[in-house]
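Trainee: One structure, pasted below without further comment.
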Amino acid sequence: MNTIEVINISKSFGTQKALDQVSFEVMPGEIFGLLGPNGAGKTTCIRIVLDIFKPDSGAIKIFGNKMDEGKKDLIGYLPEERGLYQDIKLEDCLVYLATLKGLSNAESHERINNYLVRFNLDEHKKKKVKELSKGMQQKAQLITTLVHDPKLVIIDEPFSALDPVNTQMVKDILREQRDLGKTIVMCTHQMHQVEELCDRLVLINQGQTVLYGSLSDVQKKYAGHAIQIRTGDQIPESFPGIREIKKMENHNLYKIELHETISMQDFIKSMILSNINIEQFEVAAPTLDEIFIQVVTESGMKYE
């Protein structure tokens with residue numbers, strides 16, 4: 001049984017079509033990426049999944065059937081907009097929100113305090129929420145998302161306002177949740193985060209599905225005839241077989257587009273015979289950014 005099934009959903013706001021026949025499935029125990037540029041329809045899709053909005057057409061299944069009030073307590077949702085009560089103490093705010101998810105007052109205090117320690121917020125728990133930095137408030141919202149031990153976690157731009165240390169901590173927590181069998185949907189426009197974390201993905205642009213599948217399958221589908229080589233030697237642009245060569249930020253790493261007439265194996269052989277010292281080589285998998293640009297360009301769609 002899939003955790004989420006989105007079946008041909010469409011949604012318009014006046015004359016603006018936010019979603020147009022979007023379908024995808026989210027499987028148990030995976031981190032699933034719902035991605036696309038700002039304004040693509042990602043948040044609208046999430047709000048329909050959560051039964052905040054109703055679709056104009058199509059259907060949603062959660063844990064195998066329609067959404068109901070009981071299932072909502074099995075879901076943890078981190079919205080992009082901060083929704084904490086600003087004028088009360090952090091600890092009181094988090095405990096109150098935890099009790100709304102069915103936890104007792106005592107259990108709420110215990111779990112909240114454990115999370116506050118882990119998120120390095122313990123010394124700030126008596127401060128009013130409005131006195132916290134944006135990054136601290138983001139971590140506090142993540143605590144409210146996870147404290148009731150949900151089976152499904154939906155997070156919208158989870159790394160907003162976080163520095164690199166806290167970003168890594170959140171990534172570690174998301175992986176832990178997946179390893180515990182939880183299903184995680186990560187809604188973001190930051191495609192490099194999806195490449196690092198997600199098992200499968202759907203990419204939406206202008207309300208339409210552009211890509212859908214496992215990260216590896218998507219990259220294989222759009223992989224060109226390219227190779228990455230790490231070498232301390234200089235590779236001349238005129239070297240036989242090279243159509244285009246790009247030196248990466250690390251100056252020992254090259255991305256080389258080959259002519260279709262030469263195989264990667266033969267190209268490597270010719271480099272070795274030319275006494276070019278190859279420290280490392282691999283097939284160059286395209287990034288999601290590169291794939292998205294290619295898809296949008298080929299389809300004639302606008303990038304908003």
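The values are calculated or read from the model by the stated rules, or taken from the named source; none is laboratory data. Please read these numbers as outputs of a predicted model, since none were measured by experiment. Here the Cβ positions follow ideal geometry from the backbone for every residue, glycine too, while neighbour counts run over all protein chains shown.
Trainee: Of everything in segment 104-124, what is outside any helix (DSSP H, G or I) and under 29 Å from the mean Cα position of the chain (by Cα)? Give them in sequence order.
Mentor: Answer for segment 104-124, where residues must be outside any helix (DSSP H, G or I) and under 29 Å from the mean Cα position of the chain (by Cα): PHE119, ASN120, LEU121.
Trainee: Return the only residue of ILE143, ILE173, ILE155 being within 26 Å of ARG47 (Cβ to Cβ), of a type in the set (Val, Ile, Thr) and within 13 Å of the chain's Cα centre (by Cα).
Mentor: Checking each option against the conditions leaves just ILE155.
Trainee: A further question follows. Under 8 Å between Cβ atoms, which residue pairs at least 6 apart in sequence (or on different chains) link something in segment 227-248 that is over 15 Å from ASN277 (Cβ atoms) and in contact (Cβ under 8 Å) with a residue 24 or more places away in the chain with a partner that is of a type in the set (D, E, K, R) and part of a loop (DSSP other than H, G, I, E, B)?
Mentor: Qualifying pairs under 8 Å: none.
Trainee: Right, next: Quick test of your reading of the structure: GLY58 fulfils all but one of (1) outside any loop (DSSP other than H, G, I, E, B); (2) surrounded by 23 or more Cβ atoms within 10 Å (Cβ to Cβ). Name the failing condition by number.
Mentor: So the condition that GLY58 fails would be (2).
Trainee: If you go through segment 17-37 one residue at a time, do you hit one that is in the same structural domain as GLU196 (by TED's automatic domain parsing), in a helix (DSSP H, G or I), touching a strand residue (DSSP E or B) at 6+ places or on another chain (Cβ under 7 Å) and over 17 Å from LYS61 (Cα atoms)?
Mentor: Checked against the condition, which is being in the same structural domain as GLU196 (by TED's automatic domain parsing), in a helix (DSSP H, G or I), touching a strand residue (DSSP E or B) at 6+ places or on another chain (Cβ under 7 Å) and over 17 Å from LYS61 (Cα atoms), segment 17-37 yields no hits at all.
Trainee: Further question on the same structure: Which condition does GLY241 not pass, out of (1) out of contact with any Asp or Glu (no Cβ under 9 Å at 6 or more places or on another chain); (2) at positive phi, if it passes all the others?
Mentor: GLY241 satisfies all of (1) out of contact with any Asp or Glu (no Cβ under 9 Å at 6 or more places or on another chain); (2) at positive phi except (1).
Trainee: Still on this structure, I have one more. In segment 275-304, which residue that is modelled with pLDDT of 80 or more and more than 21 Å from GLN193 (Cα to Cα) is surrounded by the fewest Cβ atoms within 10 Å (Cβ to Cβ)?
Mentor: So, considering only residues that are modelled with pLDDT of 80 or more and more than 21 Å from GLN193 (Cα to Cα), the one surrounded by the fewest Cβ atoms within 10 Å (Cβ to Cβ) is ASN275.
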